[in-house]
Structures are given as structure tokens and as C-alpha cells.
Amino acid sequence: MAKVTIDGVTAEVPDGTTILNAARMIGGDLVPPAMCYYTKLKTSGGYCRTCIVQVTKGSDKDPRPMPKPVASCRTTVMDGMEVKNITSPELLEARAGVVEFLLLNHPLDCPVCDQAGECDLQNLAYANGKAGTRYQFPRREFEKIDIGDKVQLHMTRCILCYRCVKVADQITDGRVHGVINRGDVSEISTYVANVIDNDFSGNVIDVCPVGALTDKTFRFKSRVWYTKPVDAHRHCTKCTGKVRLWYKGEDVLRVTGRKDHYGEVNDWICNECRFDKKKTADWTIEGPSHIDRGSVISANHYESLKALKATIERQKKALPHGNKVSLGHGALDPNNA
Amino acid sequence: MAKKLLLEYDHVPGISTLDVYRRHGGYASLNKALKDLTPAQVLEEVKTSGLRGRGGAGFPTGMKWGFLARPEGVPRYLVCNADESEPGTFKDRYLMERIPHLLIEGMVLSSYALGANTSYIYIRGEYYYVARILERAIAEAYEAGLLGKNIFNSGFDHDCYVHVGAGAYICGEETALLESLEGKRGNPRIKPPFPAVAGLYGCPTVVNNVETIAAVVPIVRDGGAAYAGIGVGKSTGTKLISASGHINRPGVYEIELGVPVEEFIFSDLYCGGMRNGKKLKAVVAGGSSVPVLPADLILKTAAGEPRLMTYESLADGGFASGTMLGSGGFIVMDEDTSIVKNLWNFTRFYHHESCGQCSPCREGTGWMEKILHKILDGHGTLADVDLLWDIQSKIEGKTICPLGDAAAWPVASAIRHFRKEFEEYVTRPASIRDVKHYYRLHSMAEA
Ligand SMILES: Cc1cc2nc3c(=O)[nH]c(=O)nc-3n(C[C@H](O)[C@H](O)[C@H](O)COP(=O)(O)O)c2cc1C
Ligand code: SF4
Ligand code: SF4
Ligand code: FES
């Protein structure tokens, strides 16, 4: 076991635990946001840099602080380590910088994006970003690409978290999906327009933190906050059959994996469950899903409106010109989200 | 005349052939090591020599070799970094082109010390013709029994391969290089694990620069102590400097570490002074990644001491008033040079070469380039200069690999030391309507 102190809260965690997971064990506001790490995907994390923290003491053995912020998702705790996250203003400033970089070329047209309402980037910007943008240049754009008949890729929205690449690598066989080109023109691609034809390919939709990979059978059927998530299962020979059904009225509009508090699925589900079982009769209903993160799904629909109002007030104060929010900054405006 | 250890025979006709190389003492070090020294003794000589990595970071080579994990039954690899893509650096090319056997002898020698039976030379794609030279030399070495099985009847076997990259700067970063060598996309790995523990194909690996490996040859020949006797303090031995820019004698020079910067620029032994009698304005002393320094600070430290060509002296004063020796890419700029244009050119390079894995470098490098372009286009504002400063500060230290830092440092140092020039550009845009440069800027941006 190793003793680690994060923002003044001390915990004992198993050896080899990352700082991020140690923070998740403690829970609460001191948990760093994570856009690319995904517990179920090996070698994930390290890319987006949103989870950076300041290590102010390396360990009891070697108490030197680490000179630069480190990615908490890829740094393991050492016995006696001390970490600052929300208690370090410099770190929060650095993170705001990372959020700005992630949003730099992001279209910020959340009102017309299918992911709005359940987008990790939207939530991240909402919690850690600054109002307004300092970027004065045209944003990069890509054409939409169909990856098979069920999944659509819109690179314009991609944050290159590599999660879908790891899914293709690790849970589907014969990877045909990866990254081509370099730098800010990198593209997620099914090399030479191959389609992903695999029973588990639909999971790329669930791991995508933004609206870059979406379910074509669901696209634009409804805003997510008008749908009602319900946990259900069926006997499936390929996967656990434990899913989340998204209802509008009596209709199942889509099927996804069950995501936890950090937006990670509990189980991968197969394409048959995801795309072909859209009748209530296919499923045994367990009951309404608990949605508990600061996403607009909960804010608008399920949980206290009081919290939402407080957040709106906070955002208004942060804006440079009183409370007028322009449409272009949709990501920052809860009314548009 | 300064002592030369690497380029002593670079002008001897035919030195690229095995025959001539051997007639000038070639492969004597290897012979000596395999006959008289144990691998541990070779390692000890390298430690004694104080040799530091010539690829840029200046990490002590003996220490790096000492870190190499040696689990039973697992192969170990030596990989030579011949990717040399940093603007301003061209010394490895010169060495390989002229004296390919020096590198190959160093490869076998170093591999012997490390217990590696296989080594790779990863060379950048644009050096295709140099790869051919190396391959010819390797074939000669095999034929003479200097590579392959049972070299010099010592029982030591070694195979050396040349691998030609596809011309990406990022593949010079050691872990990206290993990925590329394995046939994958050249993305830097997230460390730890370090290559010394899990490198090529997951096996313990040492990655060293061409010049570092070549330096092992004279170290074994003369002994580590003799090598350490050259230079100043912890900057021992000789170093190849790629000198370019507005000087009379651009080229590759082997210097004894410790030569005063002023002598290096103005002596006829080296750069031969400023071209056309112009005044010195600024120097980028260690390849495009290191901070640029104005004339007064490159010739003397902030404390007024003469600056020397050593790791320590060039770094004196930290980033506030110092720089780095880096890979030894010494770029000299005269009074007519526009720092802003030069910076835009560097920034454009880093933007183009970012692998795109991590957000600050992927997005920030392009943003900085666009702002610099805007300033050069006559549309900049004072706020843009502050914004540039803020962006570089948000890239530095927050990325996976040091390319992010390499993109940030030139911006920071240019603004730190030449802020007035930026201000001139944004307050008097007419001052940059120099037709020739303006045209060039646009044609380059389109290319
Ligand atoms: C973006 C980037 C590019 C690099 N390019 C080179 C290169 O072309 N050649 C080189 O020897 N080292 C290069 N390096 C440094 C290597 O990562 C590594 O430190 C070096 O090869 C180690 O060798 P040395 O200890 O002999 O210097 C580069 C580093 C970075 C971050
Ligand atoms: S498409 Fe989605 S999951 Fe894939 S890299 Fe982009 S943001 Fe990540
Ligand atoms: S710093 Fe730049 S080059 Fe290095 S890993 Fe990150 S994106 Fe790639
Ligand atoms: S979550 Fe750690 S770097 Fe992305």
C-alpha cells in the first residue's frame, strides 16, 4: 500500500495505483478531469493533458517535487507522495490552457451537435474553461465519413483522445482503424476507407468523449435530454447483454453501454444488442438509470434546478460583458447546451 | 591547432573505404577492446571519459549505459539515432558521409560494452544517399570479418542494420524512433518505462546519437582519462558544431569543448567572422530548439564572463540570459536579420512536425504560427505579442515529449530578448513591407 495526499486529503491505495485512480478513490472535487484515459483500455491516457496535477513531494524516500505538471492518469503514486490539484492556482491555470487548446479548433456549434448534453468536452469546458475564445483564425474542418452503415465519423469534432483506436486495437480483431497524417491535421481513419466490420465495433461510439463518432441509427432522432435512460438486460451469447436503453415515449431510440460516474462503460456491448434490439420486448427492464455527473442531462432533466441556476450565475460572472452570451460560444452556455 | 578526435582524417581521399580507414588506425580500437578489454572495462572507460550525449540533451553516456537492464535471456539493443532533422544541425551527416566506418566501428564497440548482438542505425529518409554509403561500408565490414560472427576471433557476434525513416523530425525523439523502427506510427511513447528497461520490441535498449557513438572509438583508443583531459569541467572531449548563417565559413567544425564563443565566431579556424563585415545580431547556439541570444549575451554571460562553448557556460544564467549547447547547431544572424521572420520560420517547422498526440503541442504550435504570420502580414497587435507569450507558457512542460518545449523556447526567448522588434512590427507595419520577404512569406505559407 502507498500513502498519498491529494489536495490535503490523505488515502492509502494499493501499490501501482495512478494518481488519477487514487483521486477517484477519494472522490469529490479533487478528482482531475480525464478526457483520454479509459480504465478498460490498456495504454490509454497521457494524450489530452487535462488530468495534469502538480506533484509537490515525490515520495517519502525522495521528497523532491516534480519540476513539471504530470499526467495523473499515467503517473503512479509513491508512498508519501503529495499532490496538488484544485488547491494550486497555477495548475488550474495550466489546465484552463489545456481546455483552451482542446476547444481551439472545436466547432463550438453544440446546438447542432448530436452529442450535446452528453459530451465530455462540453462538461469539461463548462467546469474548467474560460468564457470566450482568443482564437481568431478559421477552424479546421473535415468531411463526415461513414464507418460502415452504423457509425459516422466527423473528424471536425475529434479531440484525438485515441480511445477509439484502442478499442479497435484491443476489443475488435484485425484493426482497420487508426490515425493517419500528423499534427493538427491528424485524422482518425479506417485506413483506405475500410469499414469496421466486427461484433464489437459499436463501442467506439461509447468511448468517444465528443460527437466525433456517433450512432447513425440515433443521429438527430432526439436531443438526449428529451430521452429517458433505463437499464435493461437480455440473454446475449456475445456480450453480457447489460445495456442502457434510451426511451422517447414508448420507443427505444438507441442502446448504449452503461456508463459510470466518469463516463466509462461497465461492459462492452455487442453490435446486435446495440443496433438490432430496439423493441421493449427484447429486454428485461431493470429500472431508470442513475445519471449523476455534472452533465446537462442531469442538470436539465433529473436533478436539482438549484445547482443549475448556481452554475449559470457563476458562468455569467465569468463573462467579460455582463450576462449576454452569444450563440457562437454555445459550449459555455447552458441554455444552448 | 586544436585536437581532433573524430574528423582528423576527414579530408584524406578514400577515407570512406575500409582500406584507407584501416590504414589510418581504423578498427584498432575495436581490436583492442575485443582482445584486451572486458565489456565492463569498456563501459568504465566511457564513464571515465565524461562523454555526454551529443544528440541534444547532454546526458552522461556512461551513466545511460549503466542504467541498461540486463535480464537473463533477453536480447539488448543498441540503436543509433541518425535522424538529425533539427534545423541548423548537419554534423552527423558530415561524419557519416565522410567516415562511415568510424560510426560502424563505434557501433560494434559500444554494442560489445552493452552486450548487444544486434544494432540499428535509424537514419532520416532525406539522407537516403548517406544510407547507401553506410550500407556499402557495412558490407565491407562484413566481408572483412569486422561484423558478423566471431569478430577478431573474440567469440563476439554482431549484426548491424541500417533503417531508413520516412523523414519525420519527431522520429528523432528516441521513443518515437523506436516505434518507427518497429514499423509503427512514429509517436513518442509515454515514459516510463524508459528504453533502458523496455525499448525496442520491449527489450532493454540504448539510443545514442551518431556523434556519441563515434566518440567511443577515440575514447577506447586513447583511454577515458585522456578524453576527459580535453575540455572544461564536465564538458569533456571534442564536439562537432554545425555552423551556419551569416558567417564567412559555414561548415562542420570539431572543437575542443571550452573554446570561447567569440573565438569560434571570429577566428579563421572556425566561422571566420561575419559575412560582408556586418554586425553580429543574434545566435541560436544549439539547434533551432534552444533559446536565441542577442550578441552581447552570447559573447558574454550576464555577469560579464566570456562565454565558452561548453554545456555549462552556454547555459549560464538559465533561460533568463543563457541558452543551451544542444546538438551544436550554431546559427549566426547578422544585423539585417528579422528575428520575427526567423521565429516564424522555426515555429512553422514545429507546427509541421508535431505528431499531434497531445493537445498543447498539436493545437498550440499551429496557433503560434498563425499569429506570427499575422504579425508579419502587418495585421498584428500588441495583444498578439502577449498572447504568443501566454501560449508558449501553456505548452512548455505540459506535453508528452520535448518537442512541445522545443517549440515554446524559441518563442519565449525571441520575445524576451527582442520584444522591441515585435512591437515595431505591430505598431509600424510599414516597416515590414519589404517586398522580397513579403513575397517569400506568402509563397512558403502556401507550399
Ligand atoms: C523532437 C525531438 C527530436 C530529436 N531528434 C534527434 C535527432 O535527430 N538526433 C539525435 O541524436 N537525437 C535527437 N533527439 C534526442 C533523442 O531523443 C535522444 O535524447 C538522443 O538520441 C540520445 O542520444 P545521446 O544521449 O547520444 O544524445 C531528439 C529529441 C526530440 C524531443
Ligand atoms: S473519434 Fe472520438 S474516440 Fe476517436 S480519437 Fe476522436 S474523440 Fe477520441
Ligand atoms: S509534444 Fe508534440 S510531438 Fe511530442 S508527443 Fe506531444 S504532440 Fe507529439
Ligand atoms: S486523461 Fe490523462 S492525459 Fe488525458
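Annotations
- Selection count, the stretch B:382-407, where residues are more than 10 Å from every other protein chain (Cβ to nearest Cβ) and β-branched (V, I, T): 1
- For B:S289, the test of being surrounded by 23 or more Cβ atoms within 10 Å (Cβ to Cβ) and assigned to a loop (DSSP other than H, G, I, E, B) is passed.
- Meets criteria (within 16 Å of ligand 1 (Cβ to nearest atom) and more than 19 Å from the chain's Cα centre (by Cα)) for A:K84: no
- Conditions (1) within 16 Å of ligand 4 (Cβ to nearest atom); (2) on the phi < 0 side of the Ramachandran plot; number of the one not met by B:G356: (2)
- Filter result for A:C73 (within 16 Å of the chain's Cα centre (by Cα), within 16 Å of ligand 2 (Cβ to nearest atom) and open to solvent by less than 10 Å² (accessible area, probe 1.4 Å)): yes
- Unique match (being open to solvent by less than 20 Å² (accessible area, probe 1.4 Å) and more than 13 Å from chain B (Cβ to nearest Cβ)) among A:D114, A:D109: A:D114
- Taken over the stretch A:158-176, residues that are under 19 Å from A:D197 (Cβ atoms) and away from ligand 3 (no atom under 16 Å from the Cβ) amount to 12.
- Qualifying residue in the stretch A:176-185 (condition: within 16 Å of ligand 1 (Cβ to nearest atom), open to solvent by less than 70 Å² (accessible area, probe 1.4 Å) and either more than 20 Å from the chain's Cα centre (by Cα) or polar (S, T, N, Q) (or both)): yes
- With respect to being in a helix (DSSP H, G or I), under 22 Å from the mean Cα position of the chain (by Cα), more than 14 Å from ligand 1 (Cβ to nearest atom) and within 29 Å of A:Y47 (Cα to Cα), B:F349 falls outside the description.
- Residue match in the stretch A:51-69 (condition: buried (at least 18 other Cβ atoms within 10 Å of the Cβ), charged (D, E, K, R) and within 13 Å of another protein chain (Cβ to nearest Cβ)): no
- Among the candidates B:Y27, B:Y21, B:Y77, residue that is open to solvent by less than 40 Å² (accessible area, probe 1.4 Å) and touching a Cys at 6+ places or on another chain (Cβ under 9 Å): B:Y77
- Considering the conditions (1) in a loop (DSSP other than H, G, I, E, B); (2) of a type in the set (D, E); (3) within 16 Å of ligand 2 (Cβ to nearest atom), A:D197 is excluded by exactly one of them, (3).
- Only one entry of A:G97, A:G45, A:G28 meets the criterion of being in contact with a Lys or Arg (Cβ under 6 Å, 6 or more places away or on another chain) and at positive phi, and that entry is A:G45.
- Restricting attention to the stretch A:125-146, the residues that are open to solvent by 10 Å² or more (accessible area, probe 1.4 Å) and either modelled with pLDDT of 90 or more or more than 28 Å from A:P32 (Cα to Cα) (or both) total 13.
- Selection within the stretch B:177-233 - in a strand (DSSP E or B), open to solvent by 20 Å² or more (accessible area, probe 1.4 Å) and aliphatic (A, V, I, L, M): B:V232
- Condition broken by A:G178, with the remaining ones in (1) more than 14 Å from chain B (Cβ to nearest Cβ); (2) in contact with a helix residue (DSSP H, G or I) (Cβ under 9 Å, 6 or more places away or on another chain) satisfied: (1)
- Test: A:D197 is more than 19 Å from the chain's Cα centre (by Cα), within 15 Å of A:L41 (Cα to Cα) and open to solvent by 20 Å² or more (accessible area, probe 1.4 Å): no
- Some residue of the stretch B:263-280 being assigned to a strand (DSSP E or B) and closer than 13 Å to B:M333 by Cα: yes
- Counting only residues that are outside any helix (DSSP H, G or I) and within 16 Å of ligand 4 (Cβ to nearest atom), the stretch B:373-419 holds 5 of them.
- Out of B:V216, B:V220, B:V207, sole residue that is more than 19 Å from B:I121 (Cβ to Cβ) and in contact (Cβ under 8 Å) with a residue 24 or more places away in the chain: B:V220
- Residue within the stretch A:77-86 that is under 25 Å from B:Q392 (Cβ atoms) and without any contact (Cβ under 8 Å) to a residue 40 or more places away in the chain present: no
- Sole exception among (1) closer than 15 Å to B:S359 by Cβ; (2) assigned to a loop (DSSP other than H, G, I, E, B); (3) touching a Leu at 6+ places or on another chain (Cβ under 9 Å) for A:C73, by number: (2)
- Search result, residues across the stretch B:323-348 that are at pLDDT 95 or above, open to solvent by 40 Å² or more (accessible area, probe 1.4 Å) and out of contact with any Asp or Glu (no Cβ under 9 Å at 6 or more places or on another chain): B:M324, B:N345
- The stretch A:247-257, residues that are closer than 13 Å to A:E118 by Cβ and part of a loop (DSSP other than H, G, I, E, B): A:G257
- Condition met for A:T56 (in the same structural domain as A:E90 (by TED's automatic domain parsing) and either touching a residue at least 60 places away in the same chain (Cβ under 8 Å) or within 16 Å of ligand 3 (Cβ to nearest atom) (or both)): no
- Selection count, the stretch A:200-218, where residues are of a type in the set (F, W, Y) and open to solvent by 10 Å² or more (accessible area, probe 1.4 Å): 1
- Exactly one residue out of B:R98, B:R124 is touching a residue at least 40 places away in the same chain (Cβ under 8 Å), closer than 30 Å to A:V179 by Cβ and open to solvent by 40 Å² or more (accessible area, probe 1.4 Å): that is B:R124.
- In the stretch B:367-378, the residues that are facing chain A (nearest Cβ under 7 Å) and buried (at least 23 other Cβ atoms within 10 Å of the Cβ): B:W367
- Residues that are assigned to a helix (DSSP H, G or I) and either within 7 Å of another protein chain (Cβ to nearest Cβ) or among the small types (G, A, S) (or both), drawn from the stretch B:354-364: B:S359, B:P360, B:R362, B:E363, B:G364
- All conditions in (1) closer than 30 Å to A:S72 by Cα; (2) in contact with a Phe, Trp or Tyr (Cβ under 6 Å, 6 or more places away or on another chain); (3) away from ligand 1 (no atom under 16 Å from the Cβ) hold for B:M368, with the sole exception of (2).
The values are calculated or read from the model by the stated rules, or taken from the named source; none is laboratory data. The structure displayed is predicted, hence computed values, not measured ones. Every residue, glycine as well, gets a Cβ built from its backbone with ideal geometry; the counts of neighbours run over all protein chains shown. The area values use the complete protein model at the heavy-atom level, side chains included, leaving out ligands, DNA and RNA. Shrake-Rupley method; radii C 1.70, N 1.55, O 1.52, S 1.80 Å.
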